[in-house]
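This report concerns only the one structure given below.
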Amino acid sequence: MTEDTIAAFATPLSSAGIGIVRISGENSINIIKKIFVPYKKDTKEFQTYTAHYGFIYDGDKKIDEVIILVMKGPHSYTREDVIEINCHGGILVMKNILELVLKSGARMALPGEFTKRAFLNGRIDLTAAEAVMDLINSQNQYALDNALSNVAGKLNKKIKGLREEIITETAFLECALDDPEHYSLDGYSEKIEVKVKNLIKEIDCLIETFDNGKFVQDGIETIIVGKPNAGKSTLLNCLLGEEKAIVTDIPGTTRDINEQRLVLDGICLNMVDTAGIHDTDDVIESIGVKKSLELIEKADLILYVVDSSKELDENDKEIIDRIKEKNVIVLLNKMDISNNNTQLEKQFENIVSISAKNGEGIDNFINKLNDMFFSGNINFNEDVVISNVRHKNLLVKSKDSLELVLGAIYDGLPEDFYTVDLMDAYNFLGDIIGETFNDDLADNIFSKFCMGK
Ligand code: GDP
């Protein structure tokens, strides 16, 4: 248990109906007793899971009318005594209350410190703590579902299962090496080879989910390219469902690169519209703008918008040369007036006819996205999905250690060679859930949290 009592805003500091100041630690109840005056004499004074209506006072000065929630440890978010002061959501009033709480014996919480305490006090494992941050930052329903299932311990359970298999083997090996009279290692190499291969396969499956997980969590970096007047801005507007980008007949009116995050049927696209950098009809020149090339290089997905009522020209060829090795969806736009760009079929696998103006073909486009990035199955709720690069790197390390075990088996090395690498694999997995954690790791992880969480 940490000794000092911490406090922070738990809701954003902005004008709102309600704001919450949260306090956690041994001294929480004492602090609230100093500053809170109940409306009526309170019979259930500060019992756990009770709410109390009253006023916050700084000496004789009434600060606000509030409801306080009492959650006594260990049945609280941090496992410590937690008080949440539900006050009015004004910036000044919230500041006044927090200052008063700090003056009365708490110290300002660091970012993520409430969750860090929940972890240090053993209420949640590291994957759940990290998932809390993912949950707060979720931009779409799938990211949220994934975060929620990890808060509930899905990843933790999976990792624990893998560790258990490893430790069982290691324990047997150690016993057999110590006590060869009672435990025989005859034929053990073959058995452990199968087991290690299975473990590697399971870890590989988890690693493979990472790209999906990353796209779910962070969105697909998407760039829209195409000649002036192809309909790029119209497409963006159509997808956004509102008139956020400038749509114009005159090429090159959208001056700045326009970035929008949008969610299509649960698929999150971070969209860059390059319409603005095509100042001239010379697309080669405009697309040659350094920024644009960098964006093409970095993008996970390129949407190449083509005016299907026009023949392809040199400018299209230049664009095609730039993007043909990338992940591209060709959108044959203006299908309402024409649809004759079959030449592109030879060069691109993914082609969808749309009318950005009428919204036609957009469903097909979304299906195509789902196929490309989520193998047609974005709803992978049943599985554990890795979305955190820290987890992925540790899985890779664990897998590498298991590969070393396989190497030792193939080289016919004695069994005691296996145990070191098995234990490494076990410990790397332990790092994921925070079993073998250190202060630096905790500081690194929790400092990425927002205040008050
Ligand atoms: P951008 O330069 O690529 O951003 O092109 P815009 O989005 O500004 O569109 C250029 C012109 O094409 C505008 O007059 C749009 O109304 C028109 N346009 C865009 N999409 C369609 C479409 O699907 N069908 C038709 N008929 N016109 C379209």
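Give the order of Lys392, Lys317, Lys61 when sorted by the count of other beta carbons within 10 angstrom, beginning with the fewest.
If I rank by nearby Cβ atoms, fewest first, I get Lys61, Lys317, Lys392.
Under the definition of Cα pairs under 8 Å and six or more residues apart, what whole-number percent is the relative contact order of the chain?
17
Using the count of nearby Cβ atoms within 10 Å as a rough guide to exposure, how do Met71, Met94 rank from fewest to most?
Arranged by neighbour count, lowest to highest, Met71, Met94 become Met71, Met94.
Calculate the FRET efficiency for Glu360 and Lys33 from the Cβ-Cβ distance with a Förster distance of 60 Å, rounded to the nearest 0.05.
0.35
Taking only C-alpha pairs under 8 Å that are 6+ residues apart, what is the relative contact order of the range 27-93 in percent?
Relative contact order for the range 27-93 comes out at 27 percent.
Taking square-rooted eigenvalues a ≥ b ≥ c of the alpha carbon gyration tensor, is the range 50-101 rounded, prolate or oblate, where a/c under 1.5 means rounded and, failing that, a/b exceeding b/c means prolate?
Prolate shape, in that a/c is at least 1.5 and a/b is the bigger ratio.
So how much slack lies between Glu3 and Glu349, counting 0.36 nm per residue of separation and subtracting their Cα-Cα distance, in nm?
Fully extending the segment from Glu3 to Glu349 adds 118.4 nm.
If you put +1 on each Lys and Arg Cβ and -1 on each Asp and Glu Cβ, how big is the dipole of the chain around its Cα centre, in Debye rounded to 20?
Its charge dipole is roughly 2300 debye.
When every alpha-carbon pair in the chain is counted, what percent end up more than 31 Å apart?
60
Could you point to the residue in Ile362, Ser28, Leu303 farthest towards the positive end of the chain's charge dipole, with +1 and -1 charges on the Cβ of Lys/Arg and Asp/Glu respectively?
Checked the options; the winner is Ser28.
Provide His75, His52, His182, His391 in ascending order of the number of other Cβ atoms located within 10 Å of each residue's Cβ, fewest first.
Arranged by neighbour count, lowest to highest, His75, His52, His182, His391 become His182, His75, His52, His391.
For the range 6-125, rounded, prolate or oblate, judged on the Cα gyration tensor with a ≥ b ≥ c (square roots of eigenvalues), a/c < 1.5 rounded, else prolate if a/b > b/c?
oblate
So, R0 is 30 Å and r is the distance between the beta-carbons of Met423 and Asp383; what FRET efficiency does that work out to, to 0.05?
So, using R0 = 30 Å, E works out to roughly 0.60.
Report for the chain the percent antiparallel among DSSP-assigned beta bridges with both residues inside it, nearest 5.
Just about 65 percent of them are antiparallel.
We did not get these values from a lab; they are worked out from the coordinates using the rules stated. Note that the coordinates shown come from a computational prediction; the quantities given were computed from them, not determined experimentally. So basically every Cβ, Gly included, is an ideal-geometry build from the backbone, and we count neighbours across all protein chains shown.
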